[in-house]
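Here is the structure we will look at, set down as structure tokens.
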Amino acid sequence: MIAAVLPTYNRAKISFERGEGMRVFTPEGEAYLDFGGGVAVTSCGHAHPHLVKALTDQAQKIWHTSNIYQMPGQEKLAQRLIDATFADTVFFTNSGAEALECSIKMARKYHAAKGHPERYRLITFEGAFHGRTLATIAAGGQAKYLEGFGPRVEGFDQIAFGDFEALKAAIGPETAGILIEPIQGEGGVRPVPPEDLRAMRALCDEHGILLVLDEVQCGIGRTGKLFAHEWAGITPDIMAVAKGIGGGFPLGACLATENAAQGMTAGTHGSTYGGNPLATAVGNAVLDVVLEKGFLDNVLQRSLVLKQKLARLKDEHPTVIEDIRGSGLMMGIKCKVPNADFQAKALEHRLLTIAAGDSVIRLLPPLIATDADITEAVNKLEMTCRSLEAKQ
Ligand SMILES: *Cc1c(COP(=O)(O)O)cnc(C)c1O
């Protein structure tokens, strides 16, 4: 008999009923240290008092109106994102995939509005992940997500990760832009070198095409800057954001320059829930926390500690760990053992981690992690490595 919940997930046999800061608790009261953050979502930690207050205050007032009316909270969040980034305008969604859908549609519409509807293709990269809608599985290009779902949405040209010559060769008269994650998340925590991002920006300018960044996972302070592309000193034309921006409340956004958004006039796109009063109350509270003086600097400092400890762990456990990679509090442990085994063992040691492609275990802790949390997590990783070595 089919499960009550459509069985599309491979779930661990554990549930959590409460969370506080860096920790979550089972119904029996057992504490787990959360270094997965619900896949980079719980940016401010669990039950952050400021977020709880923002949500409950808003819940007493009004939950939902509609995007057919003015929404002051949404406008405030948009303006704050604009003030903090390259963007001139923002569209709100409920998820990352929808933020990408808006980004893809906008890139196509930009060229159409300029009299070039034939320029609708986006160049994407192997190992990419952009979501699970029909367009975003086509953009991600992973066979396992495309199979059996009918004709693939047209308009995505995938090239090898890091192959700059292939990238240049792929740009043609139908190319609308380049779509890339500054750090691949699901693909296995693979950062794009800053010089590559700069070269892509130059290439886009040269060809009059758009640079579209997917910062759904690596954005909102994860790397120690508000957005990962800031490390490269470039700005995109369009950027998709989600996960950490809602801190656990479903919220996403598509940010764009005025130029890139020129085709998106009234009636061209929409969402029932996107940016509703509850979601944007929480989004504003997340920004209060992340933009507070010293917060991002703290992420950076903690990440240096984590990186150093992980490097030592790798040296001490060469039969388990092949490589450490990533940036900020988005780190990947490339395993020599099956990463599912690593994840399961870490869970036994009461540490939550997230598996990724390329045999990688991701560490995506809430950005409020302290040195003590990091030490505790690395101790648990150490025990995990020892348990795995004992089996070898
Ligand atoms: C999670 C993710 C998405 C999809 O977000 P959903 O909220 O699951 O739709 C898109 N891009 C990246 C880089 C992601 O990590």
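Other residues lying with their Cβ under 12 Å from the Cβ of Gly263 contribute a combined charge of +4, Lys and Arg counting +1, Asp and Glu -1. For region 95-107, the Karplus equation 6.51 cos²θ - 1.76 cosθ + 1.60, evaluated at θ = phi - 60°, returns couplings of 7, x, 4, 5, 5, 5, 4, 4, 4, 5, 4, 5, 4 Hz by residue, with Gly and Pro reported as x. The alpha-carbon atoms of region 271-390, seen along their principal axes, cover 52, 33, 23 angstrom, with the largest extent given first.
With axes computed from alpha carbons, what is the tilt in degrees of helix 194-207 against the longest principal axis of the chain, rounded to the nearest 10 within 0 to 90? Rounded to the nearest ten degrees, it is 10. Under 18 Å of direct C-alpha separation, and excluding same-chain neighbours fewer than eight residues apart, Lys61 reaches these lysines: Lys53, Lys76. To the nearest ten degrees, helix 49-61 and the longest principal axis of the Cα atoms of the chain are 50 degrees apart.
Under a 5 Å amide H cut-off, with hydrogens placed 1.01 Å from N, Phe125 pairs with Ile159 among residues at least 5 apart or on other chains. For the chain, the list of Cys residues with no other Cys C-beta under 4.7 Å reads Cys44, Cys204, Cys218, Cys335, Cys385. Here the peptides 238-251, 6-19 are ranked by packing, the mean other Cβ count within 10 Å, and the order with the highest first is 238-251, 6-19.
Distances longer than 29 Å among the Cα atoms of the chain: what percent of all pairs is that? Beyond 29 Å sits 43 percent of the P(r) for the chain. In region 38-143, one over the average inverse separation of all distinct C-alpha pairs is 17.0 Å, which is the Kirkwood hydrodynamic radius. When Met264, Met383, Met200, Met22 are sorted by how many other C-beta atoms sit within 10 angstrom of their C-beta, beginning with the fewest, the order is Met383, Met264, Met200, Met22.
Simple spin-label estimate for Leu291 and Glu75 gives 1.6 nm between the two label positions (7 Å along the Cα-to-Cβ direction from each Cα). If R0 is 25 Å, what FRET efficiency do you get for Ala4 and Thr272 from their C-beta distance, rounded to 0.05? Efficiency, from the Cβ-Cβ distance: 0.45.
Where a number appears in this text, it was derived from the coordinates with a stated rule and is not lab data. The structure presented is a predicted model; accordingly, all values stated were derived computationally and were not measured. Every residue, glycine as well, gets a Cβ built from its backbone with ideal geometry; the counts of neighbours run over all protein chains shown.
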